[in-house]
Amino acid sequence: MESGLETACRICGLDVGEVRFDDHGLALFVICGCCGTESGVGDDTVVQARRLRARWLDAGSVWFEPKGRPADWELREQLRNVPPSWR
Ligand SMILES: [Zn+2]
C-alpha cells in the first residue's frame, strides 16, 4: 500500500479531502459533516463501524451539518466511498 491515509468517512463515505486517519492509521478526530462520526471514536473496528452506519441509516441518514449537504446529494453514491475494509 502506498499510503494508508484515509479521507473518506468509514461510516458514511463522505470525502471532502480532509485526512481522518493518517498513514499509520492514527485517528485525527475529524468530525464528519455528514454522519457526525468523529474519526477514532467508535469507528476503530469493522463491527463498530457497521453498527454506527446502521444506526445512522435507520435514523434517516440525516446530515450532521445540513448546510454541507450538496443539492444533488446521493446517499448510495456516497456510501461507495466507504473504504472496502470498512463496509
Ligand atoms: Zn460520515
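The values are calculated or read from the model by the stated rules, or taken from the named source; none is laboratory data. The structure displayed is predicted, hence computed values, not measured ones. Note that each Cβ is placed from the backbone with ideal geometry, even for glycine, and that neighbours are counted across all protein chains shown.
Step by step: first the residues of region 10-63, then only those that are closer than 19 Å to residue 76 by Cα and among the polar types (S, T, N, Q), then the one that is farthest from the ligand (Cβ to nearest atom). Which residue is that?
So the residue we want is 61.
Look through region 26-37, keep the residues that are in contact (Cβ under 8 Å) with a residue 24 or more places away in the chain and assigned to a loop (DSSP other than H, G, I, E, B), and return whichever of them is nearest to residue 6 (Cα to Cα).
32
Exactly one of these conditions fails for residue 49: (1) touching a residue at least 12 places away in the same chain (Cβ under 8 Å); (2) closer than 13 Å to residue 86 by Cα; (3) out of contact with any Asp or Glu (no Cβ under 9 Å at 6 or more places or on another chain). Give me its number.
Of the numbered conditions (1) touching a residue at least 12 places away in the same chain (Cβ under 8 Å); (2) closer than 13 Å to residue 86 by Cα; (3) out of contact with any Asp or Glu (no Cβ under 9 Å at 6 or more places or on another chain), the odd one out for residue 49 is (3).
Report, ordered by the first and then the second residue, all pairs with beta carbons closer than 8 Å, sequence separation of six or more or different chains, a first member in region 12-25 that is of a type in the set (Val, Ile, Thr), and a second member that is more than 10 Å from the ligand (Cβ to nearest atom) and part of a loop (DSSP other than H, G, I, E, B).
Sorted first by the residue in region 12-25, then by its partner, the pairs are 16/7; 19/5; 19/7; 19/28.
Restricting attention to region 28-46, which residues are at pLDDT below 95 and crowded, with 16+ Cβ neighbours inside 10 Å?
Hit for region 28-46 is 43, nothing else.
Within region 64-87, track down each residue that is within 13 Å of the ligand (Cβ to nearest atom), assigned to a loop (DSSP other than H, G, I, E, B) and modelled with pLDDT of 95 or more.
Of everything in region 64-87, those that are within 13 Å of the ligand (Cβ to nearest atom), assigned to a loop (DSSP other than H, G, I, E, B) and modelled with pLDDT of 95 or more turn out to be 64, 65, 69, 73, 81, 82.
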